[in-house]
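A short write-up of the structure that comes next.
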Amino acid sequence: MSTIFGSHVTVTGPADDVRRLRDAARLRDAARRRIPAHRAEEFDGRQVAWSFEKLFRRHPELRSKCGEPPRDDWHYFAEASRIGRWNGASRFRFFLEVKNVQIHEILRPLSKLYSSVCFVAAELCLDDSMFESRFIRQGRVSTWEMPESRMNVHWRAAADDFGIDDLEVAYEDGAVRYQAESEMFEEALAHWDRKVRGALCL
């Protein structure tokens, strides 16, 4: 049985190192993977592809720690925003869904190869709705699990926006779910902003 994880990841650090990592996993346009239309707006049309297969070819030592990378032709897609400025550093963000792989397990050894960069990964298990986020830098990992009370706040707010009183009904509504989960991802990533600024002396 497959377990599917949805993840948003921010990569923050010096401009040259952030760009080097982005380019190490960037596919040519002909090989780009598209995301569903309901997620496309999240990246404002500024989409570039992200491939762990290419990243593992660039850094074959990752296989000794992680095994085979998520394959581009499985239930898998990834998109990344353009590099932008964040509190004086450079940052880009990528989103992916992949089965049977928790992305933080790949980011931990990857962070040793890009030691000047901070990774923050927010991961949602689509099977049981467990929501966790992690700060990853230089092989060290800190974890935060979103409290159920905070998840309920986002569900309630999304249900109210769509005029749904019964949360049991809201849970089955795709538009409500998308909005609630999007807000959870934002909170889970922002949870580590202070730690990222401290690590990068921003």
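Throughout, read-outs are computed from the coordinates displayed, never taken from laboratory work. Not measured: the values here are computed from a predicted model. Backbone-built Cβ (ideal geometry, glycine too); neighbour counts: all protein chains shown.
Counted residue by residue at 0.36 nm each, then reduced by the alpha carbon distance between them, the extension gain from Arg197 to Glu61 reaches 46.0 nm.
Treating only the Cβ atoms of Lys and Arg (+1) and Asp and Glu (-1) as charged, compute the dipole magnitude of segment 82-159 about its Cα centre; round to the nearest 20 debye. Can you show the working numbers first?
On the way: 12 positive and 8 negative charges, 122 e Å.
With only Lys, Arg, Asp and Glu charged at Cβ, the dipole is about 580 debye.
Once the Cβ-Cβ distance of Met130 and Asp16 is raised to the sixth power relative to R0 = 35 Å, the FRET efficiency obtained is 0.45. Legend: calculated FRET efficiency, Leu113 to Glu148, from the Cβ-Cβ distance at R0 = 41 Å, rounded to 0.05, equals 0.70.
Listed values for segment 114-119 are Karplus-derived 3J(HN,Hα) couplings in whole Hz (6.51 cos²θ - 1.76 cosθ + 1.60, θ = phi - 60°), namely 10, 6, 8, 9, 9, 10, and x replaces Gly and Pro.
Go through 91-101, 15-25 and give me the packing order, highest mean Cβ count within 10 Å leading. Intermediate results must be reported in sequence, preceding the final value.
Values: 91-101: 19.6, 15-25: 16.5.
Averaged packing, sorted descending, gives the order 91-101, 15-25.
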